[in-house]
Amino acid sequence: MNTIDQNLKALLDERFPQSTDRLFEGASFKDAGMDSMGVVEFIVALERQFGTPTLNGNELGAESTLQDARDLLTSVGVG
Amino acid sequence: MTRGAILSGLGTWLPPQVVTNDMLSSELDTTDEWIRTRTGIARRHIASPGMSTGHLATEAARRALKSAGTDRVDVVIVATSTPDRPCPATAPVVASSLGLTGTGAFDVAAVCTGFVYALATAAGLIAGQVADSALVIGADTFSTILDPRDRTTRVIFGDGAGAVVLRAGDQAEEGALRGFDLGSDGTGVDLITVPGGGSEQRLSGAEAAPGDRYFHMDGPQVFTRAVRYMTASVRKVLDAAALAPEDVAHLVPHQANVRILDTCARELGLPAERVVKNIDLVGNTVAASIPLALAAGAADGRLRAGDPVVLTGFGGGLTWGSALLTWPGGLTVIDG
């Protein structure tokens with residue numbers, strides 16, 4: 001598991017433990033049991049976990065997946 | 001002695017008409033369960049025809065003056081973004097309705113941060129010896145600017161008013177306002193806005209689109225910024241007083257959305273029970289939100305004399321701000 005995934009797993013285990021496994025299997029946030037507000041909470045948590053204080057909050061939606069989150073992090077220079 | 005502003009009265013007023021989630025579900029594509037889980041709101045109060053923001057403000061102010069045991073103040077400030085008229089300000093009419101014709105009176109427009117901005121302004125006027133007392137009112141009737149078909153904003157906002165009386169005193173007294181932090185970011189003007197009806201639209205030469213007179217909000221972008229700026233502002237006002245979040249007895253945030261409040265508490269490392277919430281019963285009441293939450297916290301006995309209390313708000317502008325105070329002894333809140 002690379003550093004990004006280690007941090008994502010730590011974040012999810014702390015904040016959204018019921019969704020961790022499904023998300024790592026490739027499910028969308030919605031299918032992993034998170035509502036639209038939960039996805040924004042996830043983005044706030046990404047800011048803290050990865051020190052990226054410039055995320056808007058609308059980069060990911062309920063249909064997004066963890067791969068979209070990885071791509072987002074890469075696009076803002078993480079990893 | 002260091003001259004400062006002391007909280008000496010607190011009053012609120014809510015219009016009697018209540019709109020429940022089930023009532024909204026009957027006309028919009030939403031459900032009680034959706035509204036509760038996404039916003040934490042169960043009901044909100046709505047102003048009836050014939051009322052106005054000034055009416056709500058006057059009722060709350062009357063109760064705050066009674067709570068303070070006075071009928072005179074040196075200045076009246078109304079925080080609102082739904083004034084009775086685009087021009088003039090609402091505060092002079094409110095002052096006259098209270099029998100205070102002749103008193104300095106003006107509005108402060110900082111949307112959901114309006115009460116904190118108005119409180120800071122009043123505290124500054126008292127510290128600078130411009131006034132010995134002040135009435136600070138947060139009042140809004142957002143029901144008048146919501147798109148009736150917009151389920152995302154209709155479920156969130158409610159109408160209401162809350163007011164405090166400040167008097168000059170010693171910064172070391174219980175009830176003293178000990179510090180403020182104010183901030184803004186105009187690059188976020190489009191995130192919380194009523195786009196039409198102002199000079200920008202009029203001078204553009206273009207006709208306003210039908211929806212431009214309604215309130216618009218970008219929920220996800222507002223969520224992240226609300227958490228970012230309110231938590232930073234709370235830390236800033238605490239740093240200036242050499243305090244840490246764990247020293248705060250109660251955080252009284254603008255009641256934007258329960259998920260925002262819970263996220264702020266988590267980011268600040270504050271236990272949930274130290275965050276005062278009344279959003280379930282009133283919704284997001286904009287400038288009235290913080291004084292209504294203060295009254296709720298006082299009513300349930302949580303706020304005790306000498307407690308360090310932090311108020312924090314975030315709203316359109318973008319604006320944000322925080323205030324640190326010690327809770328006064330012997331304050332009787334008068335609710336409407």
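The values are calculated or read from the model by the stated rules, or taken from the named source; none is laboratory data. Because the structure is a prediction, the values reported are computed rather than measured. Here Cβ is always computed from backbone atoms with ideal geometry, including for glycine, and neighbour counts include all displayed protein chains. Note: areas computed on protein heavy atoms with side chains; ligands, DNA, RNA excluded. Shrake-Rupley method; radii C 1.70, N 1.55, O 1.52, S 1.80 Å.
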Packing-based ranking, highest mean first, of A:32-39, B:19-26 given that Cβ atoms within 10 Å are counted: A:32-39, B:19-26
Considering only DSSP beta bridges with both partners in chain B, what is the antiparallel share in %, to the nearest 5? 70
For segment B:165-175, take each phi angle, set θ = phi - 60°, evaluate the Karplus expression 6.51 cos²θ - 1.76 cosθ + 1.60, and give the result in whole Hz per residue in order, putting x for glycine and proline. 10, 10, 10, 6, x, 9, 3, 7, 6, 5, x
Summed buried accessible surface, chains B and A, 1.4 Å probe, nearest 100 Å²: 1400
When N is the residue count of the protein assembly as shown, what does its C-alpha Rg come to as a fraction of 2.2 N^0.38 Å? 0.99
Quarter of the Cα convex hull surface for segment A:3-75, i.e. its orientation-mean projected area (nm²): 4.1
Would you mind telling me which residue in B:244, B:127, B:287 has the biggest mean-square fluctuation in a Gaussian network model of chain B, where springs connect alpha carbons within a distance under 10 angstrom? B:244
Looking only at Cα atoms, what is the convex hull volume of segment B:3-170 per residue, in Å³? 113
When the accessible area of segment B:3-170 is computed with all protein chains present and a 1.4 Å probe, what percentage of it is carbon and sulfur? 52
Could you work out the relative contact order of chain B, using alpha carbon pairs under 8 angstrom and six or more residues apart, expressed as a whole percent? 27
From the protein chains alone at 1.4 Å, what is the descending order of accessible area for B:1, B:230, largest first? B:1, B:230
How many percent of the alpha carbon pairs in segment B:58-132 exceed a separation of 17 Å? 45
When the accessible area of each residue in segment A:36-58 is compared between its chain alone and the complete protein assembly (1.4 Å probe; ligands, DNA and RNA ignored), which residues differ by at least 40 Å², being lower in the assembly? A:37, A:40, A:41, A:44, A:48, A:56, A:58
Integer Hz, Karplus 6.51/-1.76/1.60 couplings in order for segment B:48-59, x for Gly and Pro: 8, x, x, 8, 8, 4, x, 5, 4, 4, 5, 4
Please list, in order along segment B:213-225, the HN-Hα scalar couplings obtained from phi with the Karplus expression 6.51 cos²θ - 1.76 cosθ + 1.60 (θ = phi - 60°), rounded to whole Hz, x for Gly and Pro. 8, 9, 6, 10, 8, 8, x, x, 5, 5, 4, 5, 6
Beta bridges by DSSP in the protein assembly as shown, antiparallel share as percent, to the nearest 5: 70
Relative contact order (percent, whole number), segment B:76-195, Cα cutoff 8 Å, 6+ residue spacing: 24
Listed by chain and number, the residues whose amide H is under 5 Å from that of residue B:179, excluding neighbours fewer than 5 places away on the same chain and using placed H, are B:324
Quick one: net charge around residue B:1, please, counting Lys, Arg +1 and Asp, Glu -1 for every other residue with C-beta under 13 Å from its C-beta. -1
In nm, to one decimal, how far is the modelled label at residue B:29 from the one at residue A:54, with both set 7 Å along Cα→Cβ? 3.7
